[in-house]
Amino acid sequence: MKELKERILSDGKCFPGGILKVDNFINHQMDPKLMREMALELVRRFSAHKINKVITIEASGIAPAIMVGFYLDVPVLFAKKKTPSTMENMLVTEVYSFTKNRSYSVCVSGDYLTKEDHVLFIDDFLANGNAAIGIIDLINQAGATLEGMGFLIEKGFQKGGDELRSRGIHVESLAIIESLDNCTITLK
Ligand code: 5GP
């Protein structure tokens, strides 16, 4: 998506270890107009699917997910990174975090993710696919159906995209980073 790619090149910052920071329009300060355009583009790309719920993981997935949910006119469920003692009918999985270099539990209530659901997963980044695979586990535990996975930015040099596509999942990414070598952003 042209606007996003231009914004990554103008405002994205590269950090050692293959980390891209987009803190001035996605991950800290947010640009609502760009977020709206990105959501509309994701909705267009998944228009062949019947979706009745959007799912994401807190915190950075929530902004794009709620925009997508708004335009699809469906509820948005975010997986929580802490397991609240008050949650009923809890489904839990483990996710390894690339940026934090540790594993954490994520959970959703089975009251909100059920076998009736046809789910679109939305997240800001696709890197090694660990968050996505954790969500697939929660969807499977609930007996729900995964319709697709949409990302704002895919790091094409990490293995998540290949892993998810090889499972036959409909994956869409609005910008694919080919390389962050030498702290230079190269887009596909
Ligand atoms: P994965 O689970 O696919 O390995 O990593 C995706 C998650 O890690 C995303 O939800 C995102 O929050 C975070 N992440 C991975 N790589 C980057 C990066 O280069 N920059 C930022 N800002 N977040 C990243």
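The values are calculated or read from the model by the stated rules, or taken from the named source; none is laboratory data. What you see is a predicted model; the values in this text were computed from it and never measured. All Cβ positions, glycine included, derive from the backbone under ideal geometry; neighbour counts span all protein chains shown. Just so you know, the surface numbers come from the protein's heavy atoms only, side chains and all, with ligands and any DNA or RNA stripped out. Shrake-Rupley method; radii C 1.70, N 1.55, O 1.52, S 1.80 Å.
Quick rundown of the values:
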| item | result |
| --- | --- |
| Any hit, segment 24-32, residues being surrounded by 14 or more Cβ atoms within 10 Å (Cβ to Cβ) and aromatic (Phe, Trp, Tyr) | yes |
| So GLU172, is it more than 12 Å from the ligand (Cβ to nearest atom), acidic (Asp, Glu), open to solvent by less than 50 Å² (accessible area, probe 1.4 Å) and modelled with pLDDT of 95 or more | yes |
| Qualifying position, being within 17 Å of the chain's Cα centre (by Cα) and closer than 30 Å to PRO16 by Cβ, among ILE139, ILE169, ILE177, ILE185 | ILE177 |
| Only one of ASP162, ASP123 that is of a type in the set (D, E, K, R), more than 17 Å from ILE57 (Cα to Cα) and under 16 Å from the mean Cα position of the chain (by Cα) | ASP162 |
| Qualifying residue in segment 28-51 (condition: in contact with a strand residue (DSSP E or B) (Cβ under 8 Å, 6 or more places away or on another chain), more than 16 Å from the ligand (Cβ to nearest atom) and over 16 Å from ASP123 (Cβ atoms)) | yes |
| Every pair of residues 6+ apart whose Cβ atoms lie under 8 Å, when the first sits in segment 18-43 and is assigned to a helix (DSSP H, G or I) while the second is within 11 Å of the ligand (Cβ to nearest atom) | MET35/ILE26; MET35/PRO64; MET38/PRO64; MET38/LEU152; ALA39/PRO64; LEU42/PRO64; LEU42/ILE122 |
| Flag if LEU40 is closer than 21 Å to MET149 by Cα and open to solvent by 50 Å² or more (accessible area, probe 1.4 Å) | yes |
| All positions within segment 1-17 that are part of a loop (DSSP other than H, G, I, E, B), modelled with pLDDT under 95 and either away from the ligand (no atom under 11 Å from the Cβ) or touching a Cys at 6+ places or on another chain (Cβ under 8 Å) (or both) | PRO16 |
| Hey, THR83 hydroxyl-bearing (Ser, Thr, Tyr), farther than 29 Å from LEU34 by Cβ and at pLDDT 95 or above or not | no |
| Number of positions in segment 134-152 that are within 17 Å of LEU174 (Cα to Cα) and surrounded by fewer than 23 Cβ atoms within 10 Å (Cβ to Cβ) | 1 |
| Sole residue being buried (at least 20 other Cβ atoms within 10 Å of the Cβ), within 26 Å of ILE19 (Cβ to Cβ) and not charged (D, E, K, R), chosen from ALA131, ALA59 | ALA131 |
